[in-house]
Amino acid sequence: MSGRLTGLGVGPGDPELLTVKALRILQAADVVAYPIARGRRGIARSAAAPHLRDHQLELPLVYPTTVEGADDAQAYDRALRDYYDAGAEAIAAHLDAGRDVVVLCEGDPFFYGSYMYLHERLAHRYPTEVVPGVTAFSAAAAAAGAPLCKHDDVLTVLPGTLPRAELARRLADGDAAVVMKLGRTFAGARAAAQDAGVADRGVYVERASHPDQRVAALEDVDAGGVPYMSIVLVPTSADDRLRRERDRPRAVADTPPATAATDGAGGWVSVVGLGPAGPAWRTPEASATLDAADALIGYDTYVRRVPDRPGLERFPTDNRVELDRARHALELAAAGRRVAVVSSGDPGIFAMAAAVLEAWEEERAAGSPLGDVDVRVVPGISAMQAAAARVGAPLGHDFAVVSLSDILKPWEVVERRLDAAGAADFALALYNPASRTRRDQLDRAVEVLRRHRAPDTPVVVARAVGAPEETVDVVGLGELDTAVVDMRTLLLVGSSQSRVTTGADGRSIVHTPRSYPVRA
């Protein structure tokens, strides 16, 4: 029987950072193989050295030099292939003889590890196991005392060999980052960090977990003495995330009073759209604003969508106290708090943005200090966008958006607007169509629209889009059952030009063409 092959992660270099499993398998192996440069001790072998047994065979795999000119790239690639081919066959000879072989790999075998190339050549031929190890960047973060990311931040791991412009782009777009494979690439990597505006929070870590490890600010490092075994960490920063979103070019350059006091001076209010459901529907700008806030205000259902964290005070309220909620936000901001007022969907569509700005305008007109608070609106994916996307493009041409609630406006106004929109042949998005106590309005709205639309006009009945209980149906206007509609439902009513087709998976696909027929 053949021996067993194990790719063994030995961690970043400290012999005490081997896992218990790695230590057990290492000491039971017959043969210990490891990559090594000619004339060097090798980090992987050094990490394992205190744990080796006298009877074990050692198989050093001496790799070719890595310092080659650009003209030699193809030749070097061939040399590497030959190296891994030869190493695999040397290991295979021991396996065929029934010996168990471990291949040591610094850090983790499948994270930029040299073992993976041997694995590709041998794993299909022999019983194989891979034992993960502590990665170099984990050790570097621990050495620097620098937490890398939190909440729903995205960690990006980048090789320093990327072109400067590409590296800068990825650093600028990310939340937290690790840049590896430095040495000769360090100067370019640091320049990329400067281009991306993140160099001031960059941390340089050299030989993490070794006795001679070094930690320094990125800007303080002499580029001439950087070894390959070094890493740059760019820890997450909520302020930087928010600043990136704020400074990103916008379709509207300045929309008063959205002046966004995000530089740490004084309090502010941001009205944040959470999207129609969970965090997957939330924009990066919204997430960054929530991370920067220290007070959270909103309808209890929406406040619960935001994960709790230290330093965030929550003020959930009932759904019918919008102006009280808005004034409370202004009061907190005037006292120096950073306040996020949350809404479902987009805050500017039948939601809290208007309420906050109404309260702010009243305070400003009265000469109150609350009128001096910086207020901004952070957009979100609206319910009508999410519902439309589920079925295609029913709002692909001109459309109108109407709330059927008559709490803040007379029903006569609602009906007059529906009649005008129907006569103008708009597609419609109908918000707040019905509640437990408000049922007649939807029947009357449908009656108005049937004056202008054929019975087969498509109506999208979208309930709880994005939630586990989501349902989306497409019916004709003539057969719409208003009894199934509630406050979690959004209705999209097509124009005379809207079409329904059946997709490959049997779903109804609705779209309203971009062109409109010329009438004689």
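Yes/no matrix, rows are residues, columns are (1) in contact with a helix residue (DSSP H, G or I) (Cβ under 8 Å, 6 or more places away or on another chain); (2) within 19 Å of residue 465 (Cβ to Cβ); (3) part of a strand (DSSP E or B):
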| position | (1), (2), (3) |
| --- | --- |
| 309 | no, no, no |
| 315 | yes, no, yes |
| 320 | no, no, no |
| 324 | no, no, no |
| 328 | no, no, no |
| 332 | no, no, no |
| 342 | yes, yes, yes |
| 347 | yes, yes, no |
| 350 | no, yes, no |
Requested in this report: Please state which one of 280, 326 is open to solvent by 60 Å² or more (accessible area, probe 1.4 Å) and of a type in the set (A, V, I, L, M, F, W, C).
Outcome: 280
Query raised in the report: How many of the residues making up the range 352-384 are open to solvent by 60 Å² or more (accessible area, probe 1.4 Å) and assigned to a helix (DSSP H, G or I)?
Result: 7
Query raised in the report: Within the set of pairs 6+ apart or on separate chains, which have a first residue in the range 454-480 that is in a helix (DSSP H, G or I), a second that is buried (at least 17 other Cβ atoms within 10 Å of the Cβ) and of a type in the set (D, E, K, R), and C-beta atoms under 6 Å apart?
Result: 477/453
Query raised in the report: Mind checking which residues of the range 33-52 are under 36 Å from the mean Cα position of the chain (by Cα) and open to solvent by less than 20 Å² (accessible area, probe 1.4 Å)?
Result: 44, 47
**Report entry** Identity of the residue in the range 15-32, touching a residue at least 60 places away in the same chain (Cβ under 8 Å) and closer than 13 Å to residue 45 by Cα, that ends up nearest to the chain's Cα centre (by Cα)
**Finding:** 18
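I need the full set of residues from the range 121-178 which are assigned to a helix (DSSP H, G or I), over 21 Å from residue 207 (Cα atoms) and either acidic (Asp, Glu) or in contact with a strand residue (DSSP E or B) (Cβ under 7 Å, 6 or more places away or on another chain) (or both), in order please.
If the condition is that a residue be assigned to a helix (DSSP H, G or I), over 21 Å from residue 207 (Cα atoms) and either acidic (Asp, Glu) or in contact with a strand residue (DSSP E or B) (Cβ under 7 Å, 6 or more places away or on another chain) (or both), then 122, 166, 167, 170, 171, 173 are the ones that fit.
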Report task. Identify all residues within the range 385-405 that are part of a helix (DSSP H, G or I), in contact (Cβ under 8 Å) with a residue 12 or more places away in the chain and aliphatic (A, V, I, L, M); write none if there are none. Result -> 386, 387, 388, 391
**Report entry** Members of the range 422-456 found to be open to solvent by 70 Å² or more (accessible area, probe 1.4 Å) and hydroxyl-bearing (Ser, Thr, Tyr), listed by number
**Finding:** 437
Report summary line: Checking 177, 191, 187 in turn, the sole residue that is surrounded by 17 or more Cβ atoms within 10 Å (Cβ to Cβ) and more than 14 Å from residue 136 (Cβ to Cβ) turns out to be 177
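The values are calculated or read from the model by the stated rules, or taken from the named source; none is laboratory data. The structure presented is a predicted model; accordingly, all values stated were derived computationally and were not measured. Because the Cβ atoms are built from the backbone with ideal geometry, glycine has one as well, and the counts that use them run over all protein chains shown. Heavy atoms of the whole protein, side chains included, go into the accessibility calculation; ligands, DNA and RNA do not. Shrake-Rupley method; radii C 1.70, N 1.55, O 1.52, S 1.80 Å.
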